[in-house]
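Notes follow the structure.
The values are calculated or read from the model by the stated rules, or taken from the named source; none is laboratory data. All values derive from a computational prediction rather than experimental measurement. Positions of Cβ are generated from backbone atoms using ideal geometry, with glycine treated the same way; all protein chains shown enter the neighbour counts. When the accessible area is computed, the model is the full protein with side chains, heavy atoms only, and any ligands, DNA or RNA have been set aside. Shrake-Rupley method; radii C 1.70, N 1.55, O 1.52, S 1.80 Å.
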Amino acid sequence: CDLNYFMRTAGYRTVPIELGKKYDNEDWSQGMFRFGEFLKKFMSENAKNDHPGYLAQHDLFDQIPQLRKDFLVPDFCAIGREEPVIKSWIGPANTISTMHTDDKHNILCQVLGEKLIILASPADSSNLYQYEGLLNNTSQVDPENLDFDEFPLTKNVKFLKLVLKAGEMLYIPKMWFHYVRSLSPSISISFWFEAEDKI
């Protein structure tokens, strides 16, 4: 995957960037960047990632249709009731999506780099200490650094762990908890789709 291709094709476009390690931290914020500026600042070899920037769950391919011709929708999405929602995830190493659930099925495709993914079943929701209010789909638990004193019920959770590599896809069923951390500079594409409850 050639980042210069993105610079040439869409470097001048403005995109929303999440700033900070993960979205449930107090120091998390958002800003608008030229796409090329974002790539230079956060994705280059010289980037300092103590306060990473993350182009997360963005409709990049609606905004920049030229990029849409570079990939196909996975066949598995054909079981959905309508066209999938396609989102992009672009960022440096150590960007984190806190453990959370989505209300759609997801095919997560890794284009560049590698991501650590930790999953937990919806059956464990009562053991995962979800926030109240706006972030009620998000767990307070850090599955990489479990704290049994603060969150004792996490002892009951069977976590599933894997590394998703470039060229691989992962199906994440609706309402399954998932935590994602980039192990290297990373580009991923999510295909979210609705389907019958039983797949």
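When Leu162 is tested against the conditions (1) in contact (Cβ under 8 Å) with a residue 24 or more places away in the chain; (2) surrounded by 13 or more Cβ atoms within 10 Å (Cβ to Cβ); (3) among the aliphatic types (A, V, I, L, M), the lone failure is (2).
Met169 fulfils the conditions (1) buried (at least 17 other Cβ atoms within 10 Å of the Cβ); (2) in contact (Cβ under 8 Å) with a residue 60 or more places away in the chain except for a single criterion, (1). For the stretch 131-150, the count of residues that are more than 28 Å from Leu72 (Cβ to Cβ), in a strand (DSSP E or B) and open to solvent by 10 Å² or more (accessible area, probe 1.4 Å) is zero. Within the stretch 73-115, the residues that satisfy the criterion of being among the small types (Gly, Ala, Ser) and more than 12 Å from the chain's Cα centre (by Cα) are Ala78, Gly80, Ala93, Gly113.
Scanning the stretch 120-130 for residues that are part of a strand (DSSP E or B) and open to solvent by less than 20 Å² (accessible area, probe 1.4 Å) gives a single hit, Ala120.
Within the set Phe61, Phe71, Phe33, the sole residue that is open to solvent by 10 Å² or more (accessible area, probe 1.4 Å) and in contact with a Lys or Arg (Cβ under 6 Å, 6 or more places away or on another chain) turns out to be Phe61.
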